[in-house]
Amino acid sequence: MRSKARELAFQLIFERLFTESEKAFDEEFFVSLKKEEDVKFCKQIVNEFCKNRKELEKIVSENLIGYELSRVYKVDLALIFEAICEIKYISSPTAVVINEVVELAKKYSTEKSSRFVNGVLSSICKKL
């Protein structure tokens, strides 16, 4: 199950939203992942985010209706970035990724965030 790896990737992306740094991973962060393939998967998502951050910001900005990127709640933004990285660069199944990210939004974000994240991702996926 990649759910835990996705959750950790989201947390690392969230952290990186507050800095331009592409600092190395703290290996202790991955202790909770049981399989080495999950660690690799998580790192791959975050590396894609770091490598493609400007492009991802542009993609999201173009699909925000009535919002500016700087005004989007950072938790929601990290979730959206995590999902786009998986779908666009890793070719994970779109429906699975969106479903899991929406569940993470329910867990970590506001009451309305799951609908917001789902709507933005649906709009983006139609164009990818």
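Taken over segment 21-63, the criterion of being part of a loop (DSSP other than H, G, I, E, B), more than 16 Å from the chain's Cα centre (by Cα) and surrounded by 13 or more Cβ atoms within 10 Å (Cβ to Cβ) is satisfied by Phe25, Leu33.
Contact map, segment 68-96: residues that are farther than 14 Å from Leu121 by Cβ and without any contact (Cβ under 8 Å) to a residue 24 or more places away in the chain paired with residues that are assigned to a helix (DSSP H, G or I) and of a type in the set (Gly, Ala, Ser), Cβ distance under 6 Å, separation 6+ or inter-chain. Pairs shown: Leu69/Ser61.
Residues checked against (1) modelled with pLDDT of 95 or more; (2) under 15 Å from Glu7 (Cβ atoms); (3) outside any helix (DSSP H, G or I):
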position: Phe81; (1), (2), (3): yes, yes, no
position: Ile84; (1), (2), (3): yes, no, no
position: Ile87; (1), (2), (3): yes, no, no
position: Ser92; (1), (2), (3): no, yes, yes
position: Val97; (1), (2), (3): yes, yes, no
position: Glu100; (1), (2), (3): yes, yes, no
position: Ala105; (1), (2), (3): yes, yes, no
position: Thr110; (1), (2), (3): no, no, yes
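Take the residues in segment 64-95 that are acidic (Asp, Glu) and under 12 Å from the mean Cα position of the chain (by Cα); name whichever of them is surrounded by the most Cβ atoms within 10 Å (Cβ to Cβ). Result: Glu82.
The values are calculated or read from the model by the stated rules, or taken from the named source; none is laboratory data. Model, not experiment: these values are computed from the prediction. Ideal geometry is used to build each Cβ from the backbone, glycine not excepted, and the neighbour counts take in all protein chains shown.
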